Every structure is written in C-alpha cells, then in structure tokens.
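The values are calculated or read from the model by the stated rules, or taken from the named source; none is laboratory data. All of these numbers come straight from a predicted model, not from anything done at the bench. Cβ placement follows ideal geometry from the backbone for every residue including glycine, while neighbour counts extend to all protein chains displayed. Accessible surface is based on the protein model in full, side chains and every heavy atom, while ligands, DNA and RNA are left aside. Shrake-Rupley method; radii C 1.70, N 1.55, O 1.52, S 1.80 Å.
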Amino acid sequence: MKNFVEELKWRGMLAQIMPGTEEYLMENMVSAYLGTDPTADSLHIGHLCGIMMLRHLQRCGHKPYLLVGGATGMIGDPSGKSQERNLLDSETLYHNQEAIKRQCAKFLDFDGCEPNKAELVNNYDWMKDFTFLDFARTVGKHITVNYMMAKESVQQRLNGTARDGLSFTEFTYQLLQGYDFLHLYQHNGVRLQLGGNDQWGNMTTGTELIRRTLGNEAQAYALTCPLITKADGKKFGKTESGNVWLDRDRTTPYTFYQFWLNVSDQDAERYIKIFTDLDRQTIADLAAEHAQDPGRRSLQRRLAEEVTTMVHSKEDLDIAIAASNILFGKATKDELARLDEATLNDVFKDVPHYEVDKSQLGAKAIDLFCADGMSIFPSKGEMRKLVKGGGVSLNKEKLTAFDRPVTTDDLIDGKYLLVQRGKKNYYLITVK
C-alpha cells in the first residue's frame, strides 16, 4: 500500500497530523472523510487542495468519504470567518450537493466495484431528526465548556476581532462537526478526518468526542493540509472579479486556464505538486527545465494544462489554448468562430468595446469603423493607409479593401465584430 502521508509530505500538502496516524494508515485500509461547504452549487479552487487529498487517499488504497454539510451549512462555522453564513433551505442544499458531487466525480471514483470506492454523505440525513434533548444527552455531556472555549477559532471571535461576537449557534458548531465524526465512526467505519488547517480545532473535538463516548481504545485520527496562499501572502484563488470556480458557467475554461498560466514562478513550483497527479521525478524535471529558461514558463504551462484538463476536459483545454492564441499569437477566423460567447467576452474583456445598431450593417468598413464615437482609427485617411499596408483585420482576416461592405455574414455569434489595428490593438464591436 502506497504511503499516503509520505505522498502529502513531498507535495507540501501536510500541515498537522495526530500521533499514530501514519502508522495506522500503513497497517490498514482506512476510511477517511472530508467535509465541504454546500452554500454554493459549485466548488472553487480554494477547495481543490482538500479534494486532491481525497484523490491521493483513494489512489493510495484507502476509502474516501465526501461529507456535504447540509446541516452544518444551515448554521455556519466560526473558523477563520468574521461573520455567520447565510442560512439555506433544504431544496437549495440538495441542489448544491448534487452539483458538487458531479464536480468531485472528476477527481474521485464513486462508481467502481472496489471496496475503496468513494462515497458521498450529507450530515442533514442524520441531524434532521436529532432533537435538542438528544443532542444534549448524546453529545453535550461529553465535552466541557472549558474545552470548547480554549479553541482558537472561538477565542478570536470572543476577543473582539469580529464585530458581532459569537452566537450560541456558532459556538455549538464544533460539537456538531464532532458528532459527524462520531456518527461516521459508528455507522461507516470512518477512522480519519481530513481538512484544512483552520479546521484543526473542530477536528480534534471530534476525536475527543469519540474517545469520551466510546472509550480510550477507540482509534480516531485527524490530518490537515495547509491553507494555500500566494507567494506574496495574499489569498489563493481570488481575482479582481472574485473566486475562480470549477463551474464553467461561473468561470470559463479560458479564464480558468489563464489563472494557472499567470501564477508566479515560485507559486507554480508549489502548485504543480498540490494540484496535479504528476509524479516527483516529472515535476523535478519540469522545475529544472523552467530554471534553465524561465521565459518559456514550462511549469505554468504544464500546471495550467493538467488542472484545466482534470477540472474540465482535454477539449476545453484545446479551446482555452486556441483562445489564448487569438489574443497573444496567430489565429484564424475559424478558431475565433469556435469560441462560445462567454469565452469571447472573457478573451476581449480588456479591449475597447463599441456598440452599433444593426441597421448600420451594409455600410462600408471605412464608414462603420470611423463613425462618430469610435476611436479605432485617428481618421479615414489613416485607415486607408493601414488597410493598404495590410495592417487591418476583421475577425482575424486581413481587410483588403477599406470600402468593402460589412454585413450580417461577418458577425461572430450573430452579434460581434472583431477589428484589429496593427499587431496588438483589438476592438470588439457589438451589433444590436
């Protein structure tokens, strides 16, 4: 059996581990779970380290459980947060759960015949009929308030770092998460909890609850991955427009690919270990190649290719690369036409945009592109000169005559015109 802990260590994916965990994993096929927040119908790349932990766990011969926090998602977790989360109804939570499972099925085998196939569980299923009296008798009597108060996440909220303090609902969160571990221990044979390092306090409450409920001979363990940051210390996975999502409708494969392609050299060397399946030697070879010629960005390119293919598909990767070439290299009209509308807008989001009325189609290019309100060309005379010298393109094809009509046949997706002046100046026109 492959050493799961050693795999995490060399990849930089191990933060804290309870004594005895590695030895237990080496001697047994272990069932382990990781909880995820179902408050959106998509994961973002901030969740990827945890999902990759489950992936490596399964590949090392152990059994992964993905726990969707349908019950705890209705409350909120104080760990590392300054405010409570919004409460969700059960219908929304179920929708989110199914969407998250579809995404995770690209990383984990839920359908195989092997004994370590992945399972998805929702703590709402065992918490929905759990009364307060049951909770107080089954859970509350085993963990003291002193123990709960000592947790760092609770102390941060009580010491005034959050404006609104800490509600009783949130205070009980660590007990609810602890009960999840107890329930899975008793009903599913789960012996290990995985999570981000900000969850360490809640996770150790779970192991403590198991031991106090079932006795000191109970074997329950916890292991965390570090919270991923960028080399400059800023939060990983955030851009100016917000989270980088795994859902293509929230973040296009092109934007997803560009995120990884544009990480720093220092980050690329860390991220390629954490977010891909590439082996140690392959990564070492890539790092050496990158060191010889950093300008080729070998690490970033391979990282972007691997993660985009895993999260989306090889076809989506090819389209993302083609889309990148449209703006940064040579491309054809056919490649431009292959882009869906969302990707087209992502590619050209930073270029000047103009709008024209559909009634203006049929006009000569020189009249349409030099109309009032457009700043594509300084003058009609300048446009004539550029066209004559082959310096103007429409939809990635050279414009050979400045007076040729622009018609509906020229429209991309039935509404766009892409004008290029020189090598690097693009202008996107929306026809309405």
Kirkwood Rh, Cα Rg: Rg to Rh for the range 271-362?
1.12
About its Cα centre, how strong a charge dipole does the range 155-278 have in debye, to the nearest 20, once Lys and Arg get +1 and Asp and Glu get -1 at the Cβ?
140
Provide the convex hull volume over Cα atoms per residue for the chain, in Å³.
181
Percent of beta bridges antiparallel (DSSP, the range 119-263, rounded to nearest 5)
40
Can you give me the angle between helix 90-104 and the longest principal axis of the chain, using Cα atoms only, in degrees from 0 to 90, rounded to the nearest 10?
70
In Å, what Rg and Dmax follow from the Cα atoms of the range 100-169?
18.7, 51
Among H187, S31, N197 the positive-end extreme of the charge dipole of the chain (Cβ point charges):
N197
Determine the per residue accessible area of the range 363-432 with all protein chains present and a 1.4 angstrom probe, expressed in square angstrom.
51
The FRET efficiency for D37 and D357, from their Cβ-Cβ distance with R0 = 56 Å and rounded to 0.05, is 0.75
Among beta bridges assigned by DSSP with both residues in the chain, the antiparallel ones amount in percent, to the nearest 5, to 45
First check a/c for the range 351-431, with a ≥ b ≥ c the square roots of the eigenvalues of its C-alpha gyration tensor; if it is under 1.5, answer rounded, and if not, answer prolate when a/b is larger than b/c or oblate otherwise.
rounded
Expressed as a percent, the accessible surface of the range 351-431 that is carbon or sulfur, using a 1.4 Å probe and the full set of protein chains, is 46
Largest first, what is the accessible-area ranking of K364, K432, K101 with a 1.4 Å probe?
K432, K364, K101
Rounded if a/c is under 1.5, else prolate if a/b is larger than b/c, else oblate: which is the range 278-325, with a ≥ b ≥ c the root eigenvalues of its Cα gyration tensor?
oblate
Run the dipole for the chain about the Cα centre, Lys and Arg Cβ at +1, Asp and Glu Cβ at -1, nothing else charged, and hand back the magnitude in debye, nearest 20.
1140
Unit charges on C-beta of K, R, D, E only; dipole of the range 238-347, Debye
180
With Cα springs under 10 Å, the Gaussian network model of the chain assigns the largest mean-square fluctuation among L120, L246, L54 to L120
Number of Lys pairs in the range 260-418 closer than 13 Å at Cα, excluding neighbours under 8 places apart unless interchain, is 8
Based on DSSP, what percent of beta bridges with both residues in the range 4-225 are antiparallel, to the nearest 5?
10
Under a 5 Å amide H to amide H cut-off, with H placed in plane at 1.01 Å, what residues pair with Y416 once short-range neighbours are removed?
V431
Cross-link partners of K63 among aspartates and glutamates (Cα-Cα below 19 Å; sequence separation of 8 or more within a chain):
E6, E7, E22, E23, E27, D109, D111, E114, E119, D180, D277
Computed D for the range 306-401, Stokes-Einstein, Kirkwood radius over alpha-carbon pairs, 25 °C, 0.890 mPa s, to the nearest µm² per second, is 158
Roughly to the nearest percent, how much of the accessible area of the range 162-287 is carbon and sulfur, given a 1.4 Å probe?
44
Considering the dipole of the chain built from charges on the beta carbon (Lys and Arg +1, Asp and Glu -1) around the Cα centre, which of Q219, L246, G69 is farthest to its positive end?
L246
Run lengths n ≥ 4 of DSSP H only: what is the helix-derived mean residue ellipticity at 222 nm for the chain, with -39500 (n - 2.57) per run over all residues, to the nearest 500?
-12000 deg cm²/dmol
Largest-first principal axis extents of the Cα set of the range 4-225 (Å)
45, 39, 34
Crossing angle, helix 298-311 versus the chain [Cα axis fit, 0-90 degrees, rounded to tens]
70
Once you wrap a convex hull around the alpha carbon atoms of the range 171-310, what is its projected area averaged over all directions, in nm²?
11.7
If amide hydrogens are placed 1.01 Å from N in the peptide plane, which non-local residues have theirs closer than 5 Å to the one on Y354?
L428, I429, T430
Got a sec to turn the phi values of the range 329-335 into Karplus ³J(HN,Hα) couplings, 6.51 cos²θ - 1.76 cosθ + 1.60 with θ = phi - 60°, whole Hz, x for Gly and Pro?
x, 7, 7, 10, 4, 4, 5
